[in-house]
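Undergrad: Just passing along the structure, written as structure tokens.
Values quoted throughout were computed directly from the atomic coordinates according to the rules given, and no laboratory measurement underlies them. For clarity, every value in this text was computed on a predicted model and none was experimentally measured. Here Cβ is always computed from backbone atoms with ideal geometry, including for glycine, and neighbour counts include all displayed protein chains.
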Amino acid sequence: MTTVNSHLKRTVNKKLVIVISVILTVIIALISAYFIVLKIGENSLRKRLNPDSAKLPASGDGTLPDDADAYYDGNAYNYNDKLINILIIGVDRQKPGVSTKHQADALFLVSLDAENKSANVISISRDTISNVDSYDINGNYFATTKQQLCLAYTYGSNDKQSSELTVKAVSGFLYGIPISGYYTIFMNSLTDIVDSVGGVPVSISEDMTKINSSFKSGATVTLTGNNVLPYLRYRGESNAPRLERQKAFIKSFTSQAKKAATKDLTLPVKMYNKLSSNTVTNVDATSAVYLASEALKANFNFRGVEGVSGSDGTYETFTADETKLYKLLLDVFYIKQ
């Protein structure tokens, strides 16, 4: 009897060891697959500087060392190849594919440094005057002229091409900083985006009671799918206050999104899939998983391009302060030798 019991115990223990081994193998395989997915996403997003077209002009003694990408105030700099730069484009239209004549109303460049667990979000005025490629109605290039950055979007024959042209124009404005991805958002998607994080609290900095009675100057309001569009779209007499509202929204949304994603780690993938019909992007699901995982660990810093607002006689313009822009680029995208 004792021999039989011992045999049964050995059999049970052997089966238990096998079951545990299988479970551990599956867990290890899942973890390995997860990190492989992250690595694939990382590699597909990272883009190097093109040294032939993207060197910042030398400042100081006017000489750019051969091994440097920039030179300023007696110091040589190299571009930080570990950065991942994604352009967020907001289009004032309900959904993709309806019209090619709309402009890019909001432009935010997100630069993620996963190694240092940081992310810079740079707001760029839609009215910024810079070089923009122009195309005729047949899609043929015919000139590069000084125009508002928002107009680059109008020259595409579809939203994908419009997004790509906007990326090119913004990259050119920023002295050739490489932008590997874009995420173009339309108004229909904003409702889901805001509600997915439980609302976005903002402080109202100007009286906007004409569009919403709760939008009183000095009030704190939680934006939801019901009231986010009037808040972001309201222009008033100038685009400058709207840009500040958009910056405040992005800052608050980022904080809310990190909290929501911490509670539900599957949220970024869920939202990516849900928003696919109302967004246009070249960031695939694998890359989105990587970005979301790194964004959760990153400290966000919100920056803006400084300059002077004006008018060309008909439309608003914004002219960047080149010296301050130069310093901003060195601070965010370059490493001192």
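Undergrad: Mind checking the full-extension length gain between residue 277 and residue 337? Use 0.36 nm per residue of separation minus the Cα-Cα distance, one decimal, nm. Walk me through the numbers on the way to the answer.
TA: Details: separation 60, 0.36 × 60 = 21.60 nm, distance 4.49 nm.
Between residue 277 and residue 337, full extension yields an extra 17.1 nm.
Undergrad: Please work out the FRET efficiency for the pair residue 299 and residue 264, using the Cβ-Cβ distance as r and a Förster radius of 22 Å; give the result to the nearest 0.05. Write down the numbers at each step before the final one.
TA: Details: r = 21 Å, r/R0 = 0.97.
That gives a FRET efficiency of 0.55.
Undergrad: Run through all the Cα pairs of the range 72-118 and give the fraction in each 5 Å bin from 0, expressed as whole percent.
TA: 5, 15, 16, 14, 12, 13, 10, 8, 4, 2, 0
Undergrad: With equal scatterers on the alpha carbons only and no solvent term, can you work out the Debye log10 of I(q)/I(0) for the range 188-321 at 0.09, 0.10, 0.19 1/Å?
TA: Each listed q corresponds, in turn, to -0.33, -0.41, -1.19.
Undergrad: Another question, if that's okay. Can you list the residues, at least 5 places off or on another chain, whose amide H is less than 5 Å from the amide H of residue 301, using H built in the peptide plane?
TA: Those lying under 5 Å, H to H, from residue 301 are 119, 120, 121.
Undergrad: Calculate the all-directions average of the projected area of the range 82-230's alpha-carbon convex hull, and give it in nm².
TA: Values: hull surface 42.5 nm².
That works out to 10.6 nm².
Undergrad: May I ask you to evaluate 6.51 cos²θ - 1.76 cosθ + 1.60, the Karplus curve with θ = phi - 60°, for each residue of the range 206-214 and list the ³J(HN,Hα) values in order in whole Hz, giving x for glycine and proline?
TA: Karplus-based 3J(HN,Hα) across the range 206-214 equals 8, 6, 10, 5, 5, 9, 7, 4, 7 Hz.
Undergrad: Also: Beyond 18 Å between alpha-carbons counts as too far, so tell me which of 95/263; 258/297; 263/297; 95/160; 274/297; 117/297 fall in that bin.
TA: Where the Cα-Cα span goes over 18 Å, the pairs concerned are 95/263; 274/297.
Undergrad: Quick one: which of 257-268, 326-337 comes out on top by average Cβ neighbours within 10 Å, and what's the full order, highest first? Walk me through the numbers on the way to the answer.
TA: Values: 257-268: 14.1, 326-337: 17.2.
My ranking of the peptides, most packed first, is 326-337, 257-268.
Undergrad: Further question: So, R0 is 30 Å and r is the distance between the beta-carbons of residue 285 and residue 157; what FRET efficiency does that work out to, to 0.05?
TA: Once rounded, the FRET efficiency stands at 0.70.
Undergrad: Still on this structure, I have one more. Using a Förster radius of 30 Å, what is the FRET efficiency between residue 66 and residue 118 based on their Cβ-Cβ separation? Nearest 0.05, please. Don't skip to the answer; put the middle values down first.
TA: Numbers: r = 30 Å, r/R0 = 0.99.
According to the calculation, E is roughly 0.50.
Undergrad: Right, here's the next one. How large are Rg and Dmax for the range 266-306 when calculated on the C-alpha trace, in angstrom?
TA: According to the Cα coordinates of the range 266-306, Rg and Dmax are 12.6, 37 Å.
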